[in-house]
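A.B. asks: Supplied in structure tokens, the structure appears directly below.
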Amino acid sequence: MPPSLALPVIESAFPRQLHPYWPRLQEKTRLWLLEKRLMPAGKVQEYADGLCYTDLMAGFYVNASDQVLQAIADYSAWFFIWDDRHDRCIVHGRAGDWRRLRNRLHAALDAPRHHLHHPDPLVSGFADSVQRLYGFLPRTWNQRFARHFHSVIEAYDREFRNRTEGYIPGVEEYLALRRHTFAHWIWTDLLEPSAGRELPDAVRKNPAYRRAALLTQEFAAWYNDLCSLPKEIAGDEVHNLGISLITHEGLTLEEAVDEVRRRVEKCLQEFLEAEQEALRFADAIADGTAPGLGAGGKELSTAVRGCVGNMRNWFSSVYWFHHESGRYMVDSWDDRSTPPYVTNETAGEK
């Protein structure tokens, strides 16, 4: 592991967790990718396990039921494949293909049942995973999830335009957009089916809970940028915190790496404080007397503690994912700008 990517505090203070269902999860997601035709059989056999998509989710939502974790893992695998299609549409100048896909995903998000048999595997696979996720919690959670993912789709469209136009956003503009392209609030929403209940607004919007959740995702997004920087520079990318710092703040590559790392480490330090605040909040609502929370304070307190525990898990899961997944092993690729697990078929090209 390069020294610039090593975070000793993760290895010492954030013990790695892994859901016991993981071996079966890996097997079933592999079969799902084949069934939904999201990757060719040869690519699934050669790359699926090494990409470690299921490892990432099994290390995060460790209190989820097997069924919930399977739905999340399949959705996560779809998300990575969608990200690859988006990238290939940009690289090959397929603006029309991207526009059609964007519109179809918006439609499938609102009515997944009507898109289960769509001829584009990326649309039908998305519909299948979303419909399964919609089955765990009330309609109000589904509507929130949909609202958040509509924003993700639009952020991907903004990135598409930025990259095709060669536009590198400023640092603050990039950070705001990154919260959507990384789907900060989607992964936070998914803490709730993992805990087995929808959290009331008074919990989700509580400053202590929200700060801990945001720090978890900021760490993940920025550490991803740190690890992806060589791949994205090779691919002539414009969307990376390091690239924005180099372009708009006048930093050298080495200085940009140091600055992204500083932000990553600051997230870790601040989370340790936010975590304690969020746990104190969970304890404070246990007696059921807090306004806006309704009955069942003890059960709600337990659910909140479970969500905060999974926020903590995200740090180690993201960290080890980036060091184990073939997605970031750029030096082993024949072409540093073209991932070997992406083919014309998976990219929607003919």
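The values are calculated or read from the model by the stated rules, or taken from the named source; none is laboratory data. Bear in mind the structure is a predicted one, so any value in this text is a computation, not a measurement. With ideal geometry, Cβ positions are generated from the backbone for all residues, glycine too; neighbour counts draw on all protein chains shown. Areas reflect the complete protein model, heavy atoms only, side chains present, ligands, DNA and RNA absent. Shrake-Rupley method; radii C 1.70, N 1.55, O 1.52, S 1.80 Å.
A.B. asks: Within straight cross-link reach of Lys43, meaning Cα distance under 18 Å, which lysines are found once same-chain residues fewer than 8 apart are removed?
C.D. replies: Lys28, Lys350
A.B. asks: Taking a ≥ b ≥ c as the square roots of the eigenvalues of the Cα gyration tensor of the range 73-181, is the shape rounded (a/c under 1.5), prolate (a/b larger than b/c) or oblate? Walk me through the intermediate numbers first.
C.D. replies: Details: a/c = 2.35, a/b = 1.43, b/c = 1.64.
Note, shape of the range 73-181 comes out oblate.
A.B. asks: Restrict the search to the range 26-94; then list the trypsin sites (Lys or Arg not before Pro) that DSSP places in a loop and that have at most 16 other Cβ atoms within 10 Å of their Cβ. The partial results should precede the final answer.
C.D. replies: Numbers: sites: Lys28, Arg30, Lys36, Arg37, Lys43, Arg85, Arg88, Arg94; in loops: Lys36, Arg37, Arg94.
Those satisfying the criteria are Arg37.
A.B. asks: Here's a follow-up. Dipole size in debye (nearest 20) for the range 1-104 around its Cα centre, Lys and Arg Cβ +1, Asp and Glu Cβ -1?
C.D. replies: For the range 1-104, the charge dipole is close to 600 debye.
A.B. asks: Find the relative contact order for the range 1-101 and round it to a whole percent, using C-alpha pairs within less than 8 Å whose residues are 6+ positions apart. Write out the running numbers ahead of the final one.
C.D. replies: Numbers: 61 pairs, mean separation 29.1, N = 101.
Over the range 1-101, the number comes to 29 percent.
A.B. asks: Give the residue list of trypsin sites (Lys or Arg not before Pro) in the range 148-231 that are DSSP loop and have at most 14 other beta-carbon atoms within 10 angstrom.
C.D. replies: On the way: sites: Arg158, Arg161, Arg163, Arg178, Arg179, Arg197, Arg204, Lys205, Arg210, Arg211, Lys231; in loops: Arg197, Lys205.
Hits after loop and neighbour filter: Lys205.
A.B. asks: With +1 assigned to the C-beta of every Lys and Arg and -1 to the C-beta of every Asp and Glu, and no other charges, what is the dipole magnitude of the chain about the Cα centre in debye, to the nearest 20? List each step's numbers first, then the result.
C.D. replies: Working: 41 positive and 49 negative charges, 244 e Å.
Dipole about the Cα centre, nearest 20: 1180 debye.
A.B. asks: Still on this structure, please answer the following. Would you pull out the residues with amide H under 5 Å of His118's amide H, same chain only if 5 or more places away, H placed 1.01 Å from N?
C.D. replies: Sorted by chain and number, the residues that satisfy this are Ser124.
A.B. asks: In addition: Do you know the relative contact order of the range 220-272, to the nearest whole percent, from alpha carbon pairs under 8 angstrom that are 6+ apart?
C.D. replies: Details: 33 pairs, mean separation 20.0, N = 53.
The value is 38 percent.
A.B. asks: Just from its helices, what would the mean residue ellipticity at 222 nm be for the chain, if runs of 4 or more DSSP H residues each count -39500 (n - 2.57) and the sum is divided by every residue, rounded to the nearest 500 deg cm²/dmol? Write out the running numbers ahead of the final one.
C.D. replies: On the way: 15 runs with 231 residues, N = 350.
Counting only the DSSP helices, I get -21500 deg cm²/dmol.
A.B. asks: Apply the Karplus curve 6.51 cos²θ - 1.76 cosθ + 1.60, θ = phi - 60°, to the phi angles in the range 80-86 and return the couplings in whole Hz, x for Gly and Pro.
C.D. replies: So the J values, rounded to whole Hz, are 5, 5, 4, 4, 5, 4, 4.
A.B. asks: Let me make sure I get this right: for the chain, a, b and c are the square roots of the gyration tensor eigenvalues over alpha carbons, sorted descending. Under 1.5 in a/c it's rounded, otherwise prolate if a/b > b/c, else oblate. Which is it?
C.D. replies: Numbers: a/c = 1.56, a/b = 1.20, b/c = 1.30.
Cα axes put the chain in the oblate bin.
A.B. asks: Moving to a separate point now. With a 1.4 Å probe and every protein chain kept in, tell me what percent of the accessible surface of the range 191-325 is carbon plus sulfur. Show your work: numbers first, answer last.
C.D. replies: Details: 2700 of 5300 Å².
Looking at the range 191-325 in its full context, I get 51 percent from C and S.
A.B. asks: Here's another thing I want to ask about it. Return, for the Cα atoms of the range 2-142, the radius of gyration and Dmax in Å, separated by a comma.
C.D. replies: My reading of the Cα-based Rg and Dmax gives 16.8, 49 Å.
A.B. asks: What size of dipole, in debye to the nearest 20, comes out for the range 35-151 about its Cα centre when the only charges are +1 on Lys and Arg C-beta atoms and -1 on Asp and Glu C-beta atoms? Before the final figure, lay out each step's value.
C.D. replies: Numbers: 15 positive and 13 negative charges, 133 e Å.
Rounded to the nearest 20 debye, it is 640 debye.
A.B. asks: For the range 165-304, what relative contact order do you get, as a whole percent, if you take Cα pairs closer than 8 Å and at least 6 residues apart? Please list the in-between numbers first.
C.D. replies: Details: 129 pairs, mean separation 42.1, N = 140.
With pairs under 8 Å counted, the relative contact order is 30 percent.
A.B. asks: Oh, and also: Lys/Arg Cβ at +1, Asp/Glu Cβ at -1, dipole of the range 120-251 taken about the Cα centre: which of Ser244, Phe149, Ala213 is farthest positive-ward?
C.D. replies: With unit charges placed on the Cβ atoms, the residue in question is Ala213.
A.B. asks: Now a separate question. Which value, in Å², gives the accessible area per residue of the chain when a 1.4 Å probe is used on the protein heavy atoms?
C.D. replies: Accessible area per residue, the chain: 42 Å².
A.B. asks: Which one of Gly50, Tyr167, Ser76 is farthest out on the positive end of the charge dipole of the chain, using unit charges on Cβ (Lys, Arg +1; Asp, Glu -1) and the Cα centre as origin?
C.D. replies: Ser76
A.B. asks: Tell me, what HN-Hα J-couplings in whole Hz come from the Karplus equation 6.51 cos²θ - 1.76 cosθ + 1.60 at θ = phi - 60° for each residue of the range 258-268, using x for Gly and Pro?
C.D. replies: Each residue's phi maps through the Karplus curve to give 4, 5, 5, 4, 4, 5, 4, 5, 5, 4, 4 Hz.
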